[in-house]
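The structure appears right after this line, and notes come after that.
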Amino acid sequence: MRAAASRSFVALGLLLVAAAAAAQPSKNRKPERTRSFKCGGVLTGLSGFIGSEGFPGVYPPNSKCTWKITVPEGKVVVLSFRFIDLESDKLCRYDFVDVYNGHVNGQRLGRFCGTLKPGALVANSNKMLVQMISDANTAGNGFVAKFSAAEPHERGDQYCGGRLDKPSGSFKTPNWPDRDYPAGVTCSWHIVAPKNQLIELHFEKFDVERDNYCRYDFVAVFNGGEINDANRIGKYCGDSPPAPIVSEKNELLVQFLSDLSLTADGFIGHYKFRPKKLHTTVSPTTTTTLPVTPSLKPTVALCQQKCRRNGTLESNYCSSNFVITGSVITTNTRGGSLHATISIINVYKEGNLAIQQAGKNMSAKIVVVCKQCPVIRRGLNYVIMGQVEEDGRGKILPSSFTMSFKTKNQKILNTLKNKRC
């Protein structure tokens, strides 16, 4: 069976070699003959092909071949594997192809072996290095890949990884949403906001091979533009989306890696830029700006207060930093507090609340500091008034005003929306 597949791969390889040869300058070339690839080289231009030594024949043992690719300044290198057949090993320890950003000491974009083609790989500049190493034993037919130049802004939309610098946007795993992401993929999205802004990041859908320690397939998010464990915000896998993330400064790096075994649906993530300090535009004579409140932990004194709602919608409106109506879609108890996700029905006063939007759906995170006061339950609708933590989550104290939402409340809330506090 493998022999039959190998013959078909070789036939494909011959076509690719012919295409590669046709792409070369015609001087001193005999058009009726195809040429096999050499071991490594320096390549420049808008596009071209690279391949293992002797392809489509079996590559030699004990070899190390290095290709340095350069496309025009202002472009980025995109590498797409057309065919790969190297000795298969789960960790690619024997025969493999490594792909790096830049020509010297660059970040490795991935290591590949076996016969599963990775998704397109994108460098963060106009330079890329590809290196193939083989040991003394089992071999295959090698690989062929095409390199091409792309505009930097295309990277996040069309390929796996890239630079994202628009005020908002999305990124997703290869093949999303039609089928599972491929094995053996490394994608890095570098999100860059203006110097005076931060980045909010959230995942709408998330399904990455589950492991207690996320050792196999995972998403890692880093503050800054480099993969550095000291700046890692988190490492995620499984089928529960990570909590929304806000960068410390104006750069985030999102890395996705899949190994050579099981795969899953993948994910789609969204980001948007926001000012470092959120201000409310107000009339100086009639309105005061409510500050972001510091984080509070549940204490005995705080949580022993009587849990009863004081006042009315009208009397609590101005003293609240945000006012929304919504349905509780998730709840999770942590350290005596209740963390909840609210699917928003309407926003009457946004304040500093971090609101996530995916299509027409809006949601927000809130923390009920004392989990039993006020009581909110999953699946029910509420009017929620409260303050905001430093990370943009809503904070609900025993003194905050919440109540079950009824359609008749809308008229009062619409009137309050236009009220000057």
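For the reader, a short list of remarks on this structure follows.
- Residue match in region 390-397 (condition: modelled with pLDDT under 85 and of a type in the set (G, A, S)): yes
- Selection from region 109-134 of residues that are in contact with a Cys (Cβ under 6 Å, 6 or more places away or on another chain) and not in a loop (DSSP other than H, G, I, E, B): R111, M132
- Checked against the criteria, K75 counts as more than 22 Å from the chain's Cα centre (by Cα) and assigned by TED's automatic domain parsing to the domain that holds D217.
- Test result for R7, basic (K, R), modelled with pLDDT under 90 and within 27 Å of C187 (Cβ to Cβ): no
- Conditions (1) small (G, A, S); (2) touching a strand residue (DSSP E or B) at 6+ places or on another chain (Cβ under 7 Å); (3) over 15 Å from I191 (Cα atoms); (4) buried (at least 20 other Cβ atoms within 10 Å of the Cβ): number failed by S258: (2)
- Number of positions in region 308-343 that are outside any strand (DSSP E or B) and aromatic (F, W, Y): 1
- Just one of (1) out of contact with any Ser or Thr (no Cβ under 9 Å at 6 or more places or on another chain); (2) on the phi > 0 side of the Ramachandran plot; (3) not charged (D, E, K, R) fails for G114. It is (1).
- The set of residues from region 209-240 being surrounded by 16 or more Cβ atoms within 10 Å (Cβ to Cβ), more than 12 Å from the chain's Cα centre (by Cα) and either at positive phi or in a strand (DSSP E or B) (or both) comprises C214, N223, G224, I233, G238.
- Sub-6 Å Cβ pairs linking a first residue in region 76-95 that is among the acidic types (D, E) to a second residue that is not in a loop (DSSP other than H, G, I, E, B), at least 6 apart or interchain, are D85/F9, ordered by first then second residue.
- Residue selected from region 140-154 under the condition surrounded by fewer than 21 Cβ atoms within 10 Å (Cβ to Cβ) and not in a strand (DSSP E or B), by the criterion modelled with the highest pLDDT: E151
- Hits in region 257-286 (condition: at pLDDT 50 or above, more than 30 Å from D239 (Cβ to Cβ) and assigned to a loop (DSSP other than H, G, I, E, B)): K276, K277
- Of all residues making up region 158-181, the number that are crowded, with 18+ Cβ neighbours inside 10 Å and under 16 Å from G266 (Cβ atoms): 8
The values are calculated or read from the model by the stated rules, or taken from the named source; none is laboratory data. Just so it is clear, the structure is predicted and the values come from calculations on it, not from any experiment. Every residue, glycine among them, receives a Cβ derived from its backbone with ideal geometry; neighbour counts consider all protein chains shown.
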